[in-house]
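What follows is a single structure, written as structure tokens, with notes after it.
Where a number appears in this text, it was derived from the coordinates with a stated rule and is not lab data. None of the values given here were measured: they were computed from a predicted structure. We place every Cβ from the backbone using ideal geometry, glycine too, and count neighbours over all the protein chains shown.
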Amino acid sequence: MEKIEFLDLGQQPITNNFLSNEAPQNEFLYNLRVGYDQATSLVSLMEFIPPIKMFNENYAHRASQSQTMRKAYKELSDNLKKKFKPKSILEIGSNDGVFLENFNNIINVGVEPCKNLAKITNKIGIKTYSEFWNYNLSNKIINEIGLFDIVYSANTVSHIHDLEDALYSISNILNKNGIFILEDPSLLETLKKVSYDQFYDEHAYVFSIYSLNKIIKDIDLEIFYVEKLNTHGGSNRVYFKKKFGNQKVSNNIDRMISEEKELGINKFETYLDFSKKVQNSKKNLKNLFNIIKDKNKKIIGYGATYKSSTVLNYCKIDKNYIEYFIDTTPNKQGKFTPGTHIPIIDPKDGMNETVDFAFLGAWNFRKEIMNKEIKFIDRGGKFITHVPNPRIL
Ligand code: DWN
């Protein structure tokens, strides 16, 4: 794969490295650059960070923390049960079990390399392999449990560096008529929304349907249906079958690929243009923060997301701009944001009358958050977002 760089997001930390200390010594930083592969149109980081630095026993993100996601996983589970009547399901990247817990009356198995998360799901009776997904692990699970009717993986395949091995191993563990469902942020939406914060250490790839279709060419997988989702800032849910599997291939795939091509997903110039938009976004966000700060207003951050780490570090927004972040995730509270060292506190302590503005780190949950924060809005509090362009809401 020959990548050509189109975006430089500067020095960045490990996004999961929520710090216990405000002034850490030797914090690991690297240059976050994004590139494009001419042959497959695959967009990926120029340099991958060793997985063990990111996915370990201190993993902070809990997939169950948002009502939107809990609801989305429940709805999907109900639909899958109704439509495919699976007898077994494997989830790669099972996090805290928010999806798999809906399948406790069939064989449900998780794969989760972060030991603190695997411990949670093993405890609630979901057999979880705390290992990185690869060919050896697929064979181990086949030997111990067997083949699967459904393999589901949300926000995980985009994190696996050896894509070919990951997809090959999925095809290996599927029954003849089994299906694989991948859910990951959409490159089309990233380009449209200038949501450059989809790029960070964990997101080795941001997929288009066009590139996925090219990558699986030599693997026994074929896309048979695609759904567009609003979750995580715009994602695709892509359904794969084995090449001789009995599912019918929908014509919506060609339609989606045409839409992607119309936006120039398969042309390098599109990415150069995106890069210019990102630089403008940085300039405009910084201006907005400066204008607000000049008026002596208090700004906090809402949702210490991994995504926001890219924005804060790229735009050099630190404690001089954002007093603190609030976040519902217990193991982020009491810590500091990676790279920019902004304190993170419990929303109960931080969302009070002294707050004038809240920067939406979790802009992907804007609806849920704005519904929840009626009191803040009613008393004149305002939200700031950088997506699709920096502005006050
Ligand atoms: O792919 C990934 C996604 C799915 O999750 C991972 N690599 C890491 C993580 O990325 P993220 O941190 O950008 O994800 P979220 O789901 O956008 O994070 C939302 C954060 O905001 C959580 O820490 C919870 C917090 N939150 C909150 O404090 N109050 C969220 C809501 C909705 C709220 O009301």
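Straightening the chain between I291 and F268 buys 4.7 nm, computed as 0.36 nm per residue apart minus the Cα-Cα spacing. Excluding same-chain neighbours fewer than eight residues apart, the lysines reachable from K87 by a Cα-Cα span under 16 Å are K127, K176. Legend: residue pairs K83/K228; K82/K123; K115/K372; K192/K283; K71/K242, Cα-Cα distance threshold 24 Å; pairs beyond threshold, K82/K123; K115/K372; K71/K242. Ignoring aspartates and glutamates fewer than eight residues from K375 along the same chain, the ones with Cα atoms less than 19 angstrom from its Cα are D327, D346, D349, E353, D356.
Neighbour counting of Cβ atoms within 10 Å sorts the residues T15, T68, fewest neighbours leading, into T68, T15.
For region 115-120, backbone phi angles converted through the Karplus equation (6.51, -1.76, 1.60; θ = phi - 60°) give residue-by-residue couplings of 4, 5, 7, 4, 4, 4 Hz, Gly and Pro being listed as x.
Of the GluC sites (Glu not before Pro) found in region 304-380, the ones in coil according to DSSP and having at most 15 other Cβ atoms within 10 Å of their Cβ are E353.
For region 267-317, the dipole from Cβ point charges (+1 on Lys and Arg, -1 on Asp and Glu) about the Cα centre works out to 200 debye, to the nearest 20.
Among the trypsin sites (Lys or Arg not before Pro) within region 1-108, those in coil by DSSP and having at most 16 neighbouring Cβ atoms inside 10 Å are K87.
Counting only residues at least eight positions apart within a chain, or on another chain, the aspartates and glutamates with an alpha carbon under 13 Å from that of K307 are D197, D201, E202. Volume per residue of the convex hull around the Cα atoms, evaluated for the chain, comes out as 136 Å³.
Looking at region 3-35, the chymotrypsin sites (Phe, Trp or Tyr not before Pro) that sit in a DSSP loop and have at most 15 other Cβ atoms within 10 Å of their own Cβ are F28.
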